[in-house]
Each structure stands twice: as C-alpha cells, then as structure tokens.
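K.L.:
Can you keep this structure in mind? I'll have questions shortly.
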Amino acid sequence: MKLFPYGHATHPQWQMAAGLVLAQLRAYMALPGYASAPTLALLYITDHYAAQAQDILDYLSAELPAVTDWSGTVGVGIASNNVEYFDEPALAVMLCELPHDQYRVFSGVSPLPPASTGLFSAHTALVHADAGTPDVAELIDEMAQRTESGYVFGGLASSRSGTVQFALSGHGNVKGQGAASGVFSGGLSGVAFARDPSGGMVLMSRVTQGCQPVSGNHEITACDGNVVTELDGQPALDVMLEDLDVSLDEPREALAKVRNTLVGLSHPEDMPSGPRILHAGQFGSEVLVRHLIGLDPARKGIAITDTPVVGMALAFCERNREAARADLVRVCAEIREELEPEELTLEIASALHLPEAESAPHAARRIAGAIYVSCSGRGGPHFGAPSAELQIVRRALGDVPLVGFFAGGEIARHHLYGYTGVLTVFTEMQES
C-alpha cells in the first residue's frame, strides 16, 4: 500500500502557498513509499482564499495534469498532519491513488445516481455541503440512502466570506458536467467510493464528541415545533432547571448556566443494538448535540435548534475540553489498535516508535491517508493551544498523511452533528 502525498502551506499570496504545496507533493511522489500516479486530489482552503478559489483550482490542476479528479471546500480553518491553520490564508492538498472505477466525484450539476440505476454503486461518500442550502440535513440523509452502507462523512463549508466547494472530474465519468468550472456555491458535492472487492483499499470512520453530559437521558413526551414542552411527563423547563441546579429566582446565575448548556438528542432507532461499551462522561456517536436557543416560560418549554419528536432521548450537556480530548484519543486508539499487525518486524517496530521529532508516515501503519473534519468551535483554542487538536491526533493515531477542515457542522452516518470531529482513514483490509 502506497502512502498518499500531501502538502500544506500558508502565505498572503495564494500563488506562493500553492507553489510550496506543489513542492511538497512532488517531493513525496518521488519517494518509493508514496503513490506516484495519484488520480484524486482533496483540496481545502481557508476563507482568506475563497475569492481566488477558481484560480487556485485552475493552477493546481494544470500543474498536476495526471490528477483527473478534484474535490474539497473552504473552512475558517484547515488541518493537516500535526498542524491547523486558523485566521490565516492557507491551503492543503492530499493526492489519492485510487482506480477510476472505485470512486466518483459528484456535485449539483452531476449528482450521485441512486444505486438502483446500476451506473455506480457507492459504498460510502465524502460529502461537502453549504449550510445555506435549504433542508441540508434532509439532503445529507438522502445522500446516505444512496450508499450501500448508509454512512457518509464530511462537513459543512465554513467561511466569513463566500462559501465554495470544489468538484471537478477530467476522466470523463461525470455526465452533465459540461463546461462547469469545478467551483460551486450551494448544495452538496464530494466523492463517492465503491467497495473494493479485493480489499486493497477500504475506509474506516469514527465520530468523536466534544461535549460532556451533565444530566441523564430524559424522554421527550411532548413538543411543538422546535420547543420541547415535556420531559418524562414533566414540564421541560422545570426538569432542566433541576438538572442544572439553578432557579429563576436568581435570574443572573440561571442565565449564565443556561447560556453554557446544550442538549444531546438521540433517536431510538440510532441506539446501538447488542452490547455497548459505555465511556463515562462521554456521548456515543448516536447523540446529536444542538444549541439551546430560548426558554418558553408560558408553556414551561425549552427551544432548541432542531425539530425533535416524541420518543427521542434528550440529555443536557456542556462543552468540555478534557472530555473532548479523552474522546479524541479514544477514537484514534480504536483505529490504530484495529489496524496494528499482531507481529512487527524489527525494522517496522523501529520506524513506528521513533521519537516524535524524527517520525514520518510509514506504510506499516496500514493507513494510506486520513481526512479529519472538526467543528470550527473546536480546534486549538478549545484544546488549549494552537494546533493542539491535530497534535493529539498525531500522537494517538500515529504519523499519517492527513488533510481536513474546520466545518460549520460535521457529517457522519446520515446525520449533521455539532461540536464533533469526524476522522476517516484510507486503509487496506486485514488479512484473515
């Protein structure tokens, strides 16, 4: 398995950043352990470059003519191996070597066909979406239904200026693309991946939560629109105040506590079946964190940024640095342990256990590349220092090629999440 070449850079002028990235990519492609004939490029830019998105895509695709397909988007921050770029102009690229018949770039002008058509059978998909698209959560769910696994991953573009997405195929397998430039605003785009029957390349994905529950689960027994009026048959506002140990008789203290409170929702059908490993003080991937946006004293209800239904479970929660750090380490460790071979040669063991300053991506990790999409409210500041989140990923997962971005909402399974990280790796199937 060949490692995916990747590069990242920051510079006030996009041409300089692109040149630095190209130099890194070409250097990696010349190494024997890296892919030398990549076909698919993942491109992420910070919003400082949003206005130059078309120029950047045109330049990079012209400089890498053998790379036929491009996908990506914009974020208020972007990520790469061990580093994140916030509030500065930057871009990151990873080149994936995949057979053309095992993936398909899609966009609004060339949507992913349903599996029933037989044109392309998607097992999963990387999805980039515009938060301003009407019914975006429903579109994500519909996209998941177009895959065999029902699982998609990715995130919503985030930008303080224009939001853009990259979706370009030069291989001729995208009908309807016509004269499309490859840069889009609105809707959904991304890359669908077929199941590799040989097991030569598979994708493994995990969700890490960034909030800690401060109450047990309550059943929603009455609601109206986005207002929850009853929990466990009791007025929802009263239940919340009791859980938070505050009173409206002391409005300043109560308001401060409520402002830092969110809710975790879960659908009964999303609850894991069979035995479940519980992690104290952490949510599972079935929980969707949503903002608490208002109180309704007349109905003793609470308003949230979702439309709940009777029967859903609701828990109150808050953002917590230590819980987020522990959960991120956990999901990285799960992936690493699942992929680590039972026996290591001395050469491989030495390569994998070098000091951090001397380490480098190694095929023995069985990870060709990784994509990390995190919430724009996470990143270094939430984890205590610049690039701290990506440094945790590197220490816990190992030194692997990685790109990604900080999103306005994270996509995993068939849901739109908040305050989460979604880590996906390209790996080879374990031999039995």
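The values are calculated or read from the model by the stated rules, or taken from the named source; none is laboratory data. A quick note: this is a predicted structure, and the numbers were derived from the prediction, not measured. Glycine also receives a Cβ, built like all others from the backbone with ideal geometry; neighbour counts cover every protein chain displayed. Accessible surface is based on the protein model in full, side chains and every heavy atom, while ligands, DNA and RNA are left aside. Shrake-Rupley method; radii C 1.70, N 1.55, O 1.52, S 1.80 Å.
K.L.:
Please build a GNM for the chain, connecting alpha carbons under 10 Å apart, and tell me which residue among GLY421, GLY210, GLY132 fluctuates the most.
P.N.:
Looking only at GLY421, GLY210, GLY132, the biggest GNM fluctuation is shown by GLY132.
K.L.:
Points 7 angstrom from Cα along the Cβ direction at ASP135 and ASN260: gap in nanometres?
P.N.:
Each label point is offset 7 Å from its Cα along the Cβ direction, giving 4.0 nm.
K.L.:
Tell me which cysteines of the chain come out unpaired when the rule is another cysteine's Cβ under 4.7 Å.
P.N.:
CYS96, CYS223, CYS332, CYS375, each lacking another Cys Cβ under 4.7 Å.
K.L.:
Let me ask something additional. Along the charge dipole of segment 51-114, Cβ charges K/R +1 and D/E -1, which of ASN82, VAL109, LEU64 sits furthest on the positive end?
P.N.:
Positive-end residue among those listed: VAL109.
K.L.:
Taking a probe of 1.4 angstrom, what is the accessible area of SER387 in Å², to the nearest 10?
P.N.:
The accessible area of SER387 comes to roughly 20 Å².
K.L.:
Tell me the net charge near ILE220. Cut-off is 13 Å between Cβ atoms, ILE220 excluded, with +1 for each Lys or Arg and -1 for each Asp or Glu.
P.N.:
Surrounding charge for ILE220 is -4.
K.L.:
Given a Förster distance of 22 Å, report the FRET efficiency between TYR151 and ARG330 from their Cβ-Cβ distance, rounded to the nearest 0.05. Walk me through the intermediate numbers first.
P.N.:
Details: r = 19 Å, r/R0 = 0.88.
My answer for the efficiency is 0.70.
K.L.:
Something else about it: Taking H as built 1.01 Å from N, whose amide H comes closer than 5 Å to the amide H of SER158, not counting residues under 5 places away?
P.N.:
VAL74, GLY75, VAL76, GLY408
K.L.:
While we're looking at this one, here's another question. State the percentage of accessible surface on the chain attributable to carbon and sulfur atoms; use a 1.4 Å probe and exclude ligands, DNA and RNA.
P.N.:
Summing carbon and sulfur atoms, their accessible area is 53 percent of the total for the chain.
K.L.:
Which ³J(HN,Hα) values in Hz, rounded to whole numbers, follow from the phi angles of segment 74-90 under the Karplus curve 6.51 cos²θ - 1.76 cosθ + 1.60, where θ = phi - 60° and Gly and Pro get x?
P.N.:
Those phi angles translate into 10, x, 5, x, 10, 10, 8, 4, 6, 8, 10, 10, 10, 6, 8, x, 7 Hz.
K.L.:
While we're looking at this one, here's another question. Explain nothing, just the number: dipole magnitude of the chain about its Cα centre with +1 on each Lys and Arg Cβ and -1 on each Asp and Glu Cβ, in debye rounded to the nearest 20.
P.N.:
Value, rounded to 20: 800 debye.
K.L.:
Let me spell out the model: positive unit charges on the Cβ of Lys and Arg, negative unit charges on the Cβ of Asp and Glu, origin at the Cα centre of segment 79-172. What dipole size does that give, in debye rounded to 20? Walk me through the intermediate numbers first.
P.N.:
Numbers: 3 positive and 11 negative charges, 43 e Å.
Dipole of segment 79-172, to the nearest 20 debye: 200 debye.
K.L.:
Now, a different point. Local charge sum around VAL21 (other residues, Cβ-Cβ under 15 Å, Lys/Arg +1, Asp/Glu -1)?
P.N.:
Charge balance in the 15 Å sphere: -3.
K.L.:
Given the options GLY225, GLY301, GLY182, state which has the largest fluctuation in a GNM of the chain using a 10 Å cut-off (strictly under) for Cα springs.
P.N.:
It is GLY225.
K.L.:
If you count the DSSP beta bridges with both ends in the chain, what percent of them are antiparallel, to the nearest 5?
P.N.:
Restricted to the chain, the bridges split so that about 80 percent are antiparallel.
K.L.:
With θ set to phi - 60°, apply the Karplus curve 6.51 cos²θ - 1.76 cosθ + 1.60 along segment 138-147 and write out the HN-Hα couplings as whole Hz, x wherever there is a Gly or Pro.
P.N.:
With coefficients 6.51, -1.76 and 1.60, one gets 5, 5, 5, 4, 5, 5, 4, 5, 7, 10 Hz.
K.L.:
Also, quick follow-up: Longest segment of the chain with no GluC sites (Glu not before Pro) in a DSSP loop having at most 15 other Cβ atoms within 10 Å?
P.N.:
In the chain, the maximal stretch lacking such sites is 149-341.
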